[in-house]
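Down below is the structure, laid out as structure tokens.
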Amino acid sequence: MAGIERVCISVNSVCNLKCTYCYFFLKPDHLPGPGALSCAEIGVILDNVQRYGRRPAADKPIKVNFVGSGEPLIHWREIRDAIKNLNSTIPDHSLRFYTVTNGLLLNDQVVGEMKALDLKPSVSLDGPEWMHDRTRLRHNGRGSHRAVMRGIAALRRAGVEIAINTTLNRDVINHLEAYFDFIEEAGFSKIIFDRLVDVPAEHSVSTAEFYRALQDIASIKERRRLDSVEIGNLEAYRRAIAGRPDRVCTMFGSTCGSGFHNIIYMQREVYPCGRMFGQQQWVLGRFDEPLELFPKRMAAKIGSAGCTGEAPEETAGPDCLIERLRDDYDGSERREFVGWFRGQSQLSGCRSD
Ligand code: SF4
Ligand code: SF4
């Protein structure tokens with residue numbers, strides 16, 4: 001598909017958790033500030049996105065994901081009403097809605113409203129209680145695992161398919177077997193691992209560590225025969241190796257599409273990627289401008305080949321733009337992982353049992 005296929009909307013910069021590794025608390029000055037988007041402003045964005053989704057070159061629905069620099073469900077009413085308005089004024093729009101939430105505000109009512117809007121949530125959860133509660137803390141310093149599991153229970157009662165987002169922090173990386181014990185016990189079937197980036201050294205996970213962890217995860221999944229557990233990152237690499245890269249983000253997918261295939265509204269400013277927030281050279285525009293402008297402005301910044309340029313075959317699509325622009329970038333960890341994973345996929349494709 002030519003053009004933008006995924007739109008993230010960061011509606012606010014407030015959170016009811018205070019995770020120890022969160023850039024929100026580590027670098028609060030780097031965030032848009034307290035002015036959450038209103039229902040009307042979210043409506044303007046959705047209207048622009050749906051118009052863009054109707055252009056002749058569009059060949060699949062655009063995914064709209066409500067995410068943080070904060071907890072989106074703190075402004076659930078604004079999100080809900082903006083989607084409702086869109087559905088009633090333009091019932092034939094083709095947008096698909098998602099959110100990534102920390103789960104604390106999920107209850108039967110919110111889940112019922114999400115279900116009615118066909119908005120698919122994924123919940124941030126970093127493994128079993130002892131692991132999760134080392135980092136994902138409330139403002140009073142207590143853990144949040146039980147509250148998250150209550151939110152997940154509400155999703156289960158409503159029959160909503162549950163995806164979880166796990167931040168690959170050092171505790172998770174160092175205890176992957178315990179992590180997967182929990183996943184099996186709790187019966188989760190869809191996981192996406194997020195990379196920790198742009199955090200101080202004591203929290204950071206290097207590119208090499210990230211790809212090593214992905215390799216360990218693929219091996220554990222294979223050894224435990226977790227065929228019914230989908231690891232979003234591995235599936236993304238599988239599609240990329242097969243020549244169908246997602247062009248989402250290497251943080252939780254396989255390839256980068258910043259500015260050309262995905263954009264993020266950091267409240268009222270538009271960026272190619274949330275990691276570029278606050279850097280004037282990366283601003284693509286304002287929330288009330290038509291989407292057609294943004295890939296053109298991105299091309300003016302980095303050239304029309306940009307993220308979509310010819311990527312070497314062994315990398316299965318373009319690597320993170322931010323990393324490629326670093327002086328010391330060499331991409332070897334990713335190439336090694338892709339080479340290893342390609343070999344594994346061929347082997348498991350031949351498995352006779
Ligand atoms: S839930 Fe997300 S936004 Fe909130 S503190 Fe944790 S990592 Fe940060
Ligand atoms: S620039 Fe990097 S962090 Fe941003 S969307 Fe691309 S892969 Fe993701």
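The values are calculated or read from the model by the stated rules, or taken from the named source; none is laboratory data. In this text, all values refer to a predicted model and were calculated from it rather than measured experimentally. Note that we place each Cβ from the backbone using ideal geometry, even for glycine, and neighbour counts take in every protein chain shown.
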Residue that is over 28 Å from I152 (Cα atoms) and modelled with pLDDT under 95, where the choices are R212, R239: R239
Residue count, segment 136-161, condition modelled with pLDDT of 95 or more and within 21 Å of the chain's Cα centre (by Cα), comes to 10
If you go through segment 125-149 one residue at a time, how many are out of contact with any helix residue (DSSP H, G or I) (no Cβ under 6 Å at 6 or more places or on another chain) and outside any helix (DSSP H, G or I)? 10
Taking V199 as the residue in question, decide whether it is within 21 Å of the chain's Cα centre (by Cα), in contact (Cβ under 8 Å) with a residue 60 or more places away in the chain and not in a helix (DSSP H, G or I). yes
Whether any residue in segment 222-233 is at pLDDT below 95, part of a loop (DSSP other than H, G, I, E, B) and β-branched (V, I, T) is what I want to check. no
Is it the case that segment 206-221 has a residue that's assigned to a loop (DSSP other than H, G, I, E, B) and not hydroxyl-bearing (S, T, Y)? no
Please go through segment 36-63 and pick out each residue that is in a helix (DSSP H, G or I) and among the charged types (D, E, K, R). E41, D47, R51
The one condition T166 fails out of (1) closer than 13 Å to A186 by Cβ; (2) in a helix (DSSP H, G or I) is (2)
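Every residue, every condition in (1) within 20 Å of T135 (Cβ to Cβ); (2) of a type in the set (A, V, I, L, M); (3) surrounded by 14 or more Cβ atoms within 10 Å (Cβ to Cβ), yes or no:
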site: K190; (1), (2), (3): no, no, yes
site: F193; (1), (2), (3): yes, no, yes
site: E202; (1), (2), (3): yes, no, no
site: F210; (1), (2), (3): yes, no, yes
site: Q215; (1), (2), (3): no, no, yes
site: R223; (1), (2), (3): no, no, no
site: V229; (1), (2), (3): no, yes, yes
Of all residues in segment 95-124, count the ones that are more than 17 Å from N85 (Cβ to Cβ) and in a helix (DSSP H, G or I). 6
Mind checking whether some residue in segment 162-185 is of a type in the set (D, E, K, R), more than 27 Å from S206 (Cα to Cα) and more than 20 Å from the chain's Cα centre (by Cα)? yes
Yes or no: segment 216-230 includes at least one residue that is within 16 Å of ligand 2 (Cβ to nearest atom) and either among the hydroxyl-bearing types (S, T, Y) or under 19 Å from L293 (Cα atoms) (or both). no
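This table checks each residue for (1) more than 20 Å from the chain's Cα centre (by Cα); (2) more than 16 Å from ligand 1 (Cβ to nearest atom); (3) surrounded by fewer than 16 Cβ atoms within 10 Å (Cβ to Cβ); (4) without any contact (Cβ under 8 Å) to a residue 12 or more places away in the chain.
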position: S254; (1), (2), (3), (4): no, yes, no, no
position: F260; (1), (2), (3), (4): no, yes, no, no
position: I264; (1), (2), (3), (4): no, no, no, no
position: V270; (1), (2), (3), (4): no, yes, no, no
position: Q279; (1), (2), (3), (4): yes, yes, yes, yes
position: W282; (1), (2), (3), (4): no, yes, no, no
position: D288; (1), (2), (3), (4): yes, yes, yes, no
position: K296; (1), (2), (3), (4): yes, yes, yes, yes
Looking at A178, is it touching a helix residue (DSSP H, G or I) at 6+ places or on another chain (Cβ under 9 Å) and either surrounded by 22 or more Cβ atoms within 10 Å (Cβ to Cβ) or over 25 Å from S13 (Cα atoms) (or both)? yes
Assuming P128 fulfils every condition listed in (1) in contact with a Phe, Trp or Tyr (Cβ under 7 Å, 6 or more places away or on another chain); (2) under 12 Å from C19 (Cβ atoms) apart from one, which condition is it? (2)
Being within 20 Å of D246 (Cα to Cα), within 16 Å of ligand 1 (Cβ to nearest atom) and either modelled with pLDDT of 95 or more or within 19 Å of the chain's Cα centre (by Cα) (or both) is true for just one of V67, V7, V14. Which residue is that? V67
